[in-house]
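The structure under discussion appears below in the form of structure tokens.
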Amino acid sequence: MTRQPPTVGSTEAKLERLHAQLADAVATLVTGDDWVRALEFAARFRSRSFNNTLLIWMQHLAAFEQGRVAEPTPTYVAGFRQWRTLGRSVDRGQTGYMIFAPILARFASPTPQIAESWRRLAPREIPSRNDVVRTRLVGVRPAYVWDASQTSGVPIPHVPAPQLLAGEAPQGLWDGLASLVRGHGYTLRIVGSDRDLGGANGMTDYLTRSVAIRGDIDPAARTKTLAHELAHVMLHGPDNADAVLHRGIGEVEAESVALMIGAAQGLDTSGYTIPYVATWARSVDGKTPVEVVQATGERVRTTALTILTELPTLQAGSGDPPGLTREAQRGALQPTAAIPVERLDNVRFASGRRTLAQSAISARDL
């Protein structure tokens, strides 16, 4: 019997279900403890977007509660074909976790400064010699990944993880963060105590382009504070077009970046807390708490990933199975039919009383 390809209608239904699940997952992140747990999880799965991280987390927990997996937290996730390239296969009866996957296309233009000059290239089309070529998001589709515990086959290699003593900073982390602060054009100084900083552990001065850290706290706390201030430098400076003006959101973003960096380095973050998320999320005009938390989570993940990529330190895994290359991942997710982005712009998906606009999906969310 010939298998019929998935229809756009069925894909729309799956996307609607994904958005309902995502809205529910984001809406639960209303306390400091929940936010910290989500960030620590995202740090271990930082190769995925914040949205997809939450979807994996929620679906794996449901699988655990149903007795389909042995542990409540996933270890590594990958697509069906990706596991096959690593010598493993999905066990019979195991259901994959549905996530958003981007659909990309190439566009070319001889005059890139003129918006109307861009044209979409056919799959095998060779651009003209003078063309500038860029890749853009043209649609989204549901795709499936499975946790390592849902597969069998060749043993997964053990990857060394950083191990720290209480109060100790990861080796090389302070120097790496300090180098990044200076690379952004800021000076760095150590002060005697919080009395020199008005009671704070650290301070970023955008006018003098300087960062100050108190020196009378243990190396782990001092390094975590430096990560916090680096996040301020990258996210909230006056020369940043995306700088958030709301003080509460800015502080949560900076501390969240520091928590993700610490979690990726094996640094214990349990002693640090995040302000009550719902309080500041509800204070932003024109956006629901779900939309604010979702946008903040992706800004945090993207900034932390940028920092971690540039640090020469031993880090925990990113959620991809060891040995899986980015080349192997392209096109390896279990596909369904695609939906063009322009068809989704006016669609809204509901979950109880909560709604989440499909038009909020962009390439950074996938």
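The values are calculated or read from the model by the stated rules, or taken from the named source; none is laboratory data. A quick note: this is a predicted structure, and the numbers were derived from the prediction, not measured. FYI the Cβ positions are ideal-geometry reconstructions off the backbone, even for glycines, and counts take in every protein chain you see. Accessible surface is based on the protein model in full, side chains and every heavy atom, while ligands, DNA and RNA are left aside. Shrake-Rupley method; radii C 1.70, N 1.55, O 1.52, S 1.80 Å.
Quick notes on this structure:
Residues checked against (1) in a loop (DSSP other than H, G, I, E, B); (2) open to solvent by 30 Å² or more (accessible area, probe 1.4 Å):
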{"position": "41", "(1), (2)": "no, no"}
{"position": "55", "(1), (2)": "no, no"}
{"position": "58", "(1), (2)": "no, yes"}
{"position": "61", "(1), (2)": "no, yes"}
{"position": "64", "(1), (2)": "no, yes"}
{"position": "69", "(1), (2)": "yes, no"}
{"position": "82", "(1), (2)": "no, no"}
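- Verdict on residue 92 being open to solvent by 20 Å² or more (accessible area, probe 1.4 Å), part of a loop (DSSP other than H, G, I, E, B) and closer than 20 Å to residue 300 by Cβ: no
- The residue that is modelled with the highest pLDDT, among those in the stretch 196-228 that are in contact with a strand residue (DSSP E or B) (Cβ under 6 Å, 6 or more places away or on another chain) and surrounded by fewer than 18 Cβ atoms within 10 Å (Cβ to Cβ), is 210.
- Residue list for the stretch 109-144, restricted to those being farther than 30 Å from residue 55 by Cβ and open to solvent by 90 Å² or more (accessible area, probe 1.4 Å): 113, 116, 124, 126, 129, 130
- Test for residue 11: is it touching a helix residue (DSSP H, G or I) at 6+ places or on another chain (Cβ under 9 Å), at pLDDT below 80 and either open to solvent by less than 50 Å² (accessible area, probe 1.4 Å) or within 21 Å of residue 297 (Cβ to Cβ) (or both): no
- Scanning the stretch 271-303 for residues that are at pLDDT below 70 and within 16 Å of residue 33 (Cα to Cα) gives 271, 272, 273, 274, 275, 276, 277, 278, 279, 280, 281.
- Number of the condition not met by residue 106 [criteria: (1) surrounded by 14 or more Cβ atoms within 10 Å (Cβ to Cβ); (2) at pLDDT 90 or above; (3) outside any strand (DSSP E or B)]: (3)
Residue-by-condition table, conditions (1) surrounded by 13 or more Cβ atoms within 10 Å (Cβ to Cβ); (2) touching a residue at least 40 places away in the same chain (Cβ under 8 Å); (3) within 30 Å of residue 109 (Cα to Cα):
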site	(1), (2), (3)
177	yes, yes, no
185	no, no, no
194	yes, no, no
230	yes, yes, no
